[in-house]
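Values in this text are rule-based calculations from the coordinates and carry no lab data. Every value quoted in this text rests on a predicted model; they were computed, and no experiment measured them. In this analysis, Cβ positions are derived from the backbone assuming ideal geometry, glycine residues included, and neighbour counts consider all displayed protein chains.
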Amino acid sequence: MRIAIANDHAAVELKKEIVDYVRGLGHEVINYGTDSHESCHYPEYGEKVARAVAAKDADCGILICGTGVGISIAANKVKGVRAAVCSEPVTARLAKEHNNANIIAFGARIVGPETAREIVKAYLTAEFLGGRHERRVDMIAEIEACN
Ligand code: RB5
């Protein structure tokens with residue numbers, strides 16, 4: 001898969017580890033994140049990955065900030081994006097299986113590198129289950145269409 005990744009200044013080191021890990025799993029990575037520790041603004045990075053995913057320049061995205069919260073809120077403002085904050089792998093798997101999340105987010109100040117790798121692996125190996133979940137995901141799109 002082609003995977004868009006971005007981060008703010010709080011997550012530079014974890015981002016590097018995750019880029020290496022995802023490449024090691026055989027995926028292509030597009031790094032939209034900062035590689036500087038200088039303070040920056042997480043909405044810009046959430047938007048970059050969200051727009052890449054919405055435009056289908058990437059199959060899915062990974063966002064990392066201090067908590068995963070701000071960057072996912074920003075990403076979710078882009079039409080067609082379903083970004084899920086995950087602090088452990090079960091939520092990451094279910095975010096794909098039930099919600100067809102096209103972006104996962106987590107926090108470099110919340111999870112360590114090993115848990116982050118487990119989250120990423122659980123998400124990337126999961127499949128959307130469709131069926132009753134499809135209708136619910138469609139309902140999310142209907143809410144979005146009313147904006
Ligand atoms: C940056 O200090 C921090 O606010 C940001 O990384 C993130 O945690 C926001 O949700």
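If you go through region 94-115 and pick out every residue that is crowded, with 20+ Cβ neighbours inside 10 Å and within 16 Å of the ligand (Cβ to nearest atom), you end up with 7.
As a summary of the residue check, ILE104 satisfies the conditions (1) touching a residue at least 40 places away in the same chain (Cβ under 8 Å); (2) touching a Ser or Thr at 6+ places or on another chain (Cβ under 6 Å); (3) not charged (D, E, K, R) except for the one numbered (2). Taking the criterion of being in a strand (DSSP E or B), of a type outside the set (A, V, I, L, M) and touching a helix residue (DSSP H, G or I) at 6+ places or on another chain (Cβ under 6 Å), the only residue of region 1-14 that qualifies is ASN7.
If only residues of region 23-45 that are within 15 Å of the ligand (Cβ to nearest atom) and surrounded by 19 or more Cβ atoms within 10 Å (Cβ to Cβ) are counted, the one that is farthest from ILE5 (Cα to Cα) is TYR42. What about ILE73, is it of a type in the set (A, V, I, L, M), under 12 Å from the mean Cα position of the chain (by Cα) and crowded, with 24+ Cβ neighbours inside 10 Å? Here the answer is no, as ILE73 does not meet what is asked.
Here is a yes/no grid of residues against (1) under 21 Å from LEU124 (Cβ atoms); (2) more than 11 Å from the ligand (Cβ to nearest atom); (3) part of a helix (DSSP H, G or I); (4) not polar (S, T, N, Q):
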position	(1), (2), (3), (4)
LYS16	yes, yes, yes, yes
TYR21	yes, yes, yes, yes
GLU47	no, yes, yes, yes
ALA50	yes, yes, yes, yes
LEU63	yes, no, no, yes
THR67	no, no, no, no
ALA74	no, no, yes, yes
VAL81	yes, yes, no, yes
ALA92	yes, yes, yes, yes
